[in-house]
Amino acid sequence: MKKWHFIVLFLVVEFAARGQRENPDFSLLRQNDDVSAWQEKQDKNLYEGMKWIDLGENNSLSFGGSYRFQAEAFVNEQFSREEDQTDVWFLNRLMFHSHLRLGEAFELFAELNSSTITSKENLSPVDKDELSINQLFAKYRFNNRWSLLAGRQNLRLGSGRLVDVREGPNVRLSFDMVSLDYESENTTLRVFFGLPVQQQPGVFDNDFLKFTESIGGLYATQSWGNALNFDVYALYKREDAKTWNLGTADDRRTSLGFRHFGEWKNWRFNNEFVYQLGDFGDQDITAWTASFNIEKSVNWFKEDLNIGVKTEAISGDNDPNDNTLKTFDALYPRGAYFGRVARFGPSNLVDVHPYVNGNFGKFSLELDYVAFWRFSRSDGVYNPALILEYPSLNTERFIGHQVGTITGLELNTNIVLELETNLIFPGAFLKESGLDDILLHTVFTMEFKF
């Protein structure tokens, strides 16, 4: 870990200890933090003064950030005791941002990221990025409804099922993009075009403005009450030299989606359907997914708990010779789609995922179970980055069972500790592929936000 990480960590803890009583909830995207609580406060301490610097004439500047430490370990990471394994590695992520507001019309937001890792041998692009610009964008409001954004931004659409920030891994996903946004009391609309930033491990060395991969489209949300909220969207993604189980070719696809979410009495629901069409090389694309999530609040043993179930079907290719690719592309999903263990991604998959969670004072606990099957016996199993991880070497459908726990402790609004554990028991598909050992995964997270 770099020495300056320790210096910043000390400052974060010091500021947090002084300012924690005034802190609002921090947003996943820090440009959405509400720092107005410090606007009128007199005699600010060092931390509070950093959160709101009055520049006069309705102008202001604020600073903030976060530091996250993780210790992660696998046993039988590839379901095989014969594979070489690194038992444990350590991840550090430091993010620091500034937010300039000039009147009601103009904003400039900048965020630096430093993600490092030690003791891991085979690194992926989401493990390490020593220093980079995570976000840097300008936003201009034409009036109280329409605004224009241009620059680099983390992007999350809806529930994050197709486009997400990728918060779980060490390095977030950024897009160089332009978007036109509309917002009223019950309606939001975004029209955008973006190019994903290609992460590299060094200092300010990320590849950007590469037009070999892009995404654009329209995303609209309409609310008619707690139980009647709808997302409707059309997204177009192009990606050169994409590899599926069928082979490698240029992938051009349109995703048409509908989502219904909200709550009714003690029930909460989040259901989504997506249909895809396009071209993969000289083949047509016809793919789809349906996802259902329902959750109910209950009082068991004098404790308020949430019990729920998620289930989804995600199409895979069932015939390599029919000139049609049916493998669903989840576009840019969260890196930890089924927990930080991140073995299976949302393509050619059927899963059933019951869970229970609750808060007990400063503690939180979640218990869950997931069963995985291949949607198509002719298609392989993909990782969360939608890279083919386990090719179709047999006709078995059942992939495995996953049992997980997440235990959290919120010391205050600045400091959160979390321990996640997962066990995956290989099913017939993995066993017939020669991968028959139980996988154990644990990750401890300590995060400071300021």
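Return the residue satisfying two criteria in turn: it lies in segment 46-64 and is touching a strand residue (DSSP E or B) at 6+ places or on another chain (Cβ under 7 Å) and among the hydroxyl-bearing types (S, T, Y), and of such residues it is farthest from N32 (Cα to Cα).
The selected residue is S60.
Scan segment 305-326 for residues that are more than 27 Å from the chain's Cα centre (by Cα) and not in a loop (DSSP other than H, G, I, E, B) and report the count.
Total satisfying the criteria: 1.
Do you know which of the residues in segment 50-79 that are buried (at least 17 other Cβ atoms within 10 Å of the Cβ) and more than 24 Å from the chain's Cα centre (by Cα) is nearest to N113 (Cα to Cα)?
S62
Tell me which residues, restricted to segment 381-407, are closer than 18 Å to S315 by Cα, exposed (fewer than 15 other Cβ atoms within 10 Å of the Cβ), in contact (Cβ under 8 Å) with a residue 24 or more places away in the chain and among the β-branched types (V, I, T).
Of everything in segment 381-407, just one residue is closer than 18 Å to S315 by Cα, exposed (fewer than 15 other Cβ atoms within 10 Å of the Cβ), in contact (Cβ under 8 Å) with a residue 24 or more places away in the chain and among the β-branched types (V, I, T), namely I387.
Suppose the filter is over 28 Å from R253 (Cα atoms) and not hydrophobic (A, V, I, L, M, F, W, C); does D129 pass it? Quick ask: steps written out before the conclusion?
Numbers: over 28 Å from R253 (Cα atoms): yes; not hydrophobic (A, V, I, L, M, F, W, C): yes.
Considered against the rule, which asks whether it is over 28 Å from R253 (Cα atoms) and not hydrophobic (A, V, I, L, M, F, W, C), D129 comes out as yes.
If you go through segment 216-237 one residue at a time, do you hit one that is among the basic types (K, R), modelled with pLDDT under 95 and either touching a strand residue (DSSP E or B) at 6+ places or on another chain (Cβ under 8 Å) or not in a strand (DSSP E or B) (or both)?
Of all residues in segment 216-237, those among the basic types (K, R) come to 237.
Filter again for modelled with pLDDT under 95, leaving none.
No: zero hits.
Residue under question is L155, and the condition is that it be under 16 Å from F193 (Cα atoms) and surrounded by fewer than 17 Cβ atoms within 10 Å (Cβ to Cβ); does it hold? Outline the logic, then answer.
Numbers: under 16 Å from F193 (Cα atoms): yes; surrounded by fewer than 17 Cβ atoms within 10 Å (Cβ to Cβ): no.
Considered against the rule, which asks whether it is under 16 Å from F193 (Cα atoms) and surrounded by fewer than 17 Cβ atoms within 10 Å (Cβ to Cβ), L155 comes out as no.
Condition test on L209, is it free of Cβ contacts under 8 Å to residues at least 40 places away in the same chain, closer than 30 Å to I117 by Cα and surrounded by 19 or more Cβ atoms within 10 Å (Cβ to Cβ)?
It is false that L209 is free of Cβ contacts under 8 Å to residues at least 40 places away in the same chain, closer than 30 Å to I117 by Cα and surrounded by 19 or more Cβ atoms within 10 Å (Cβ to Cβ).
Would you call A249 closer than 20 Å to N383 by Cα and loosely packed, with under 13 Cβ neighbours inside 10 Å?
Answer is no for this residue.
If a residue has to be modelled with pLDDT of 95 or more, of a type outside the set (D, E), crowded, with 19+ Cβ neighbours inside 10 Å and within 28 Å of T324 (Cβ to Cβ) to count, how many in segment 336-372 make the cut?
Counting residues in segment 336-372 that are modelled with pLDDT of 95 or more, of a type outside the set (D, E), crowded, with 19+ Cβ neighbours inside 10 Å and within 28 Å of T324 (Cβ to Cβ) gives 4.
For G434, only one of the following conditions fails: (1) closer than 30 Å to R377 by Cα; (2) out of contact with any Leu (no Cβ under 8 Å at 6 or more places or on another chain); (3) surrounded by 15 or more Cβ atoms within 10 Å (Cβ to Cβ). What is its number?
Only one criterion is unmet by G434, namely (3).
Does segment 330-365 hold any residues that are of a type outside the set (F, W, Y), in a strand (DSSP E or B) and out of contact with any strand residue (DSSP E or B) (no Cβ under 6 Å at 6 or more places or on another chain), and which are they?
Once the filter is applied, which keeps residues that are of a type outside the set (F, W, Y), in a strand (DSSP E or B) and out of contact with any strand residue (DSSP E or B) (no Cβ under 6 Å at 6 or more places or on another chain), segment 330-365 yields only N359.
Being in contact (Cβ under 8 Å) with a residue 40 or more places away in the chain and either within 21 Å of D231 (Cα to Cα) or in contact with a strand residue (DSSP E or B) (Cβ under 7 Å, 6 or more places away or on another chain) (or both) is the filter here, so list the residues in segment 162-176 that pass it. Walk me through it before giving the result.
Initial filter on segment 162-176 (in contact (Cβ under 8 Å) with a residue 40 or more places away in the chain): 162-175.
Residues satisfying the conditions are L162, V163, D164, V165, R166, N170, V171, R172, L173, S174, F175.
Where residues in segment 408-431 are over 16 Å from H353 (Cβ atoms) and of a type in the set (A, V, I, L, M), which of them is surrounded by the most Cβ atoms within 10 Å (Cβ to Cβ)?
Looking at the filtered set, the residue picked out is L430.
Kindly establish whether N266 is more than 21 Å from the chain's Cα centre (by Cα), loosely packed, with under 14 Cβ neighbours inside 10 Å and not hydrophobic (A, V, I, L, M, F, W, C).
Yes; evaluated as a whole, the condition is true for this residue.
Select from segment 291-304 the residues that are in a strand (DSSP E or B) and either touching a helix residue (DSSP H, G or I) at 6+ places or on another chain (Cβ under 9 Å) or of a type in the set (D, E, K, R) (or both) and list them in ascending order.
Across segment 291-304, the qualifying residues are E295, K296, E303, D304.
Take the residues in segment 262-290 that are out of contact with any strand residue (DSSP E or B) (no Cβ under 6 Å at 6 or more places or on another chain) and assigned to a strand (DSSP E or B); name whichever of them is nearest to L325 (Cα to Cα). So that I can check it myself, show each step before the final result.
Residues of segment 262-290 out of contact with any strand residue (DSSP E or B) (no Cβ under 6 Å at 6 or more places or on another chain): 263-265, 282.
Checking the rest, the ones that are also assigned to a strand (DSSP E or B) come to 263-264.
On the way: E263: 36, W264: 39 Å.
So the residue we want is E263.
Please go through segment 100-141 and pick out each residue that is surrounded by fewer than 15 Cβ atoms within 10 Å (Cβ to Cβ), free of Cβ contacts under 8 Å to residues at least 60 places away in the same chain and over 25 Å from I53 (Cα atoms).
S119, E121, N122, listed by residue number.
The values are calculated or read from the model by the stated rules, or taken from the named source; none is laboratory data. Model, not experiment: these values are computed from the prediction. Every residue, glycine among them, receives a Cβ derived from its backbone with ideal geometry; neighbour counts consider all protein chains shown.
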